[in-house]
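The values are calculated or read from the model by the stated rules, or taken from the named source; none is laboratory data. Bear in mind the structure is a predicted one, so any value in this text is a computation, not a measurement. Here the Cβ is made from the backbone with ideal geometry for all residues, glycine too, and neighbour counts use every protein chain on show.
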Amino acid sequence: MEFKKSQELYNKGLKNMVGAVNSPVRAFASVGGNPLFIKKAKGSKITDVDGNSYIDLVLSYGPMILGHRHKKVQKAITKALKSGYSFGASTKNEIKLAKIVCDAFPGMDKVRFVNSGTEAVLSGIRLARAFTGKDKIIKFSGCYHGHQDALLVAAGSGLATLSLPGSKGVPEGAVKNTLIANYNDLDSVKAHFEEHDDIAGIILEPVAGNMGVVTPQNGFLKELKEYVNSKGALLIVDEVMTGFRSKFGGAQELFEVEADITCLGKVIGGGFPVGAYGARNEIMEMVAPLGGMYQAGTLSGNPIAMAAGISTLSELKKQNPYEKFNEVAQIIEVFLLESAKKYGVEITVNRFGSMINPFFTNVHVTNFEQAQTSDTKKFAVFFWEMIRNGVFLPPSQFEAWFLSSAISEKDMKKIMKAIDKSIEAVANM
Ligand code: HOZ
């Protein structure tokens, strides 16, 4: 397998682009080597500029849940393009997508569209502060909520991959109201409430996907919601990854927990830049122009992105692939575990719906500390062998693998074969 053209583009890109990437998770920093440059994608597959084709388990870090270039989505985008690309004024499709989103999440009476998950979360945090009149926010170690200053501490995703505790350039003042708790540990949340009486809310990924996949244990979400509300604070649920992916109504539908504020992204734009935050009326009425919490965006509700979102969610509802996702993820899990046993490699596999990944550790992973026991050198060997065997994974131990509904039985055979060879490579390293 050759990566000559990717290498050439990488060298060229370095001149005017930082690390030749526009998001650090795309750099191959923790697995060694250089980023692959992509030429095209269709269905379950993605092809790099050297012509190597892979089963895509990155899926743009989640949005391409139907696979790439689904024909209905493509048709909707093409149609929207003919009417104009951006107006800075309202359109009918914004109302249509807002209804689809609010119908799916019973806790959302109203929604505001923004352009990314980062924007959705920073607005959701501001809204919690505006509604409660309090300043402090609790976040969980290993959860990642985009690159806003206040939450860029003890974060997963690229920071975990690059082993960074936080980001330079974030002033002390920006994080002075951020408190850190341990995922799946209600006592660590309670300790903060015992010490502080100005906590506006607590934010979490209901299933973490940015420290690898980590699931909430034994009623954690329900207990958290009850406790946080009893203290006059809000539960902010970051469903940027899990929204419409775990279930049409997100992780909240599966765990029967209603967020006070929900943040969305990824799938709702069908591959275009869309984020959203929403809540019940009394909270959303704080937002301008109804209330005094200001938040705005020139490209928010962009007509092409709305068309992509509506067609993606409509098709998703029709396909209802959630059972299939579970089955496929289970097959991958079983195969990972069997191969690991066969070659004597220690692994733990975490999965939730269409999100899955192995950790190279014998520790049961329920929080960030445990996730960090994974041997990332083993992951790097595993990653490259998967690439050489035609499976595109996120180049990081701490990112979830995603499934699309376009995955076929033939693809699954290829994935199984790749896993076997990759685990063998880890055993022989
Ligand atoms: N884990 C990240 C998003 N939740 C990956 C995408 C990125 O940062 O580029």
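Can you tell me which residue is surrounded by the most Cβ atoms within 10 Å (Cβ to Cβ) among those in the range 396-429 that are out of contact with any helix residue (DSSP H, G or I) (no Cβ under 6 Å at 6 or more places or on another chain) and closer than 17 Å to Asn52 by Cβ?
Ile415
Test of understanding: among Val214, Val189, Val153, which residue is touching a helix residue (DSSP H, G or I) at 6+ places or on another chain (Cβ under 9 Å) and within 14 Å of the ligand (Cβ to nearest atom)? Before you say what the answer is, go through the steps one by one.
Details: Val189 fails: within 14 Å of the ligand (Cβ to nearest atom); Val153 fails: within 14 Å of the ligand (Cβ to nearest atom).
Residue meeting the stated conditions: Val214.
Kindly establish whether Gly124 is under 25 Å from Val274 (Cα atoms) and within 14 Å of the ligand (Cβ to nearest atom). Give the steps one after another, and end with the answer.
On the way: under 25 Å from Val274 (Cα atoms): yes; within 14 Å of the ligand (Cβ to nearest atom): no.
Considered against the rule, which asks whether it is under 25 Å from Val274 (Cα atoms) and within 14 Å of the ligand (Cβ to nearest atom), Gly124 comes out as no.
Can you find a residue in the range 242-252 that is of a type in the set (Gly, Ala, Ser), buried (at least 23 other Cβ atoms within 10 Å of the Cβ) and modelled with pLDDT under 95?
Residues of the range 242-252 that are of a type in the set (Gly, Ala, Ser), as a first pass: 243, 246, 249-251.
Right, trim to buried (at least 23 other Cβ atoms within 10 Å of the Cβ) and you get 243, 246, 250-251.
Those still in the list that are modelled with pLDDT under 95 too: 246.
Yes, the range 242-252 has at least one match.
Looking at Lys39, Lys12, which one is more than 24 Å from Val328 (Cβ to Cβ), away from the ligand (no atom under 16 Å from the Cβ), without any contact (Cβ under 8 Å) to a residue 24 or more places away in the chain and touching a Ser or Thr at 6+ places or on another chain (Cβ under 6 Å)? Steps first, please.
Values: Lys12 fails: touching a Ser or Thr at 6+ places or on another chain (Cβ under 6 Å).
Unique residue meeting the criteria: Lys39.
Across the range 133-148, which residue is farthest from Thr242 (Cα to Cα) among those that are away from the ligand (no atom under 16 Å from the Cβ) and either out of contact with any Asp or Glu (no Cβ under 8 Å at 6 or more places or on another chain) or among the hydroxyl-bearing types (Ser, Thr, Tyr) (or both)?
Residues of the range 133-148 away from the ligand (no atom under 16 Å from the Cβ): 133-138.
Narrowing the set further to residues that are either out of contact with any Asp or Glu (no Cβ under 8 Å at 6 or more places or on another chain) or among the hydroxyl-bearing types (Ser, Thr, Tyr) (or both) leaves 133, 137-138.
On the way: Gly133: 29, Ile137: 21, Ile138: 20 Å.
If we take residues in the range 133-148 being away from the ligand (no atom under 16 Å from the Cβ) and either out of contact with any Asp or Glu (no Cβ under 8 Å at 6 or more places or on another chain) or among the hydroxyl-bearing types (Ser, Thr, Tyr) (or both), then Gly133 is farthest from Thr242 (Cα to Cα).
Using the structure shown, decide if Ile100 is among the hydrophobic types (A, V, I, L, M, F, W, C), in contact with a helix residue (DSSP H, G or I) (Cβ under 6 Å, 6 or more places away or on another chain), in contact (Cβ under 8 Å) with a residue 60 or more places away in the chain and assigned to a helix (DSSP H, G or I).
Details: among the hydrophobic types (A, V, I, L, M, F, W, C): yes; in contact with a helix residue (DSSP H, G or I) (Cβ under 6 Å, 6 or more places away or on another chain): yes; in contact (Cβ under 8 Å) with a residue 60 or more places away in the chain: yes; assigned to a helix (DSSP H, G or I): yes.
Yes; evaluated as a whole, the condition is true for this residue.
Can you run down the residue pairs with Cβ atoms below 8 Å, 6 or more apart or on separate chains, where the first is in the range 60-80 and farther than 22 Å from Ser246 by Cβ and away from the ligand (no atom under 16 Å from the Cβ) and the partner is β-branched (Val, Ile, Thr) and not in a loop (DSSP other than H, G, I, E, B)?
These pairs meet every condition: Ala76/Ile310; Ile77/Ile304; Ala80/Ile304.
Can you pull out the residues in the range 394-427 that are away from the ligand (no atom under 13 Å from the Cβ) and among the aliphatic types (A, V, I, L, M)?
We begin by selecting, within the range 394-427, every residue away from the ligand (no atom under 13 Å from the Cβ); these are 403-427.
The answer is Leu403, Ala406, Ile407, Met412, Ile415, Met416, Ala418, Ile419, Ile423, Ala425, Val426, Ala427.
Which condition does Asn115 not pass, out of (1) within 16 Å of the ligand (Cβ to nearest atom); (2) on the phi < 0 side of the Ramachandran plot; (3) touching a helix residue (DSSP H, G or I) at 6+ places or on another chain (Cβ under 7 Å), if it passes all the others?
(3)
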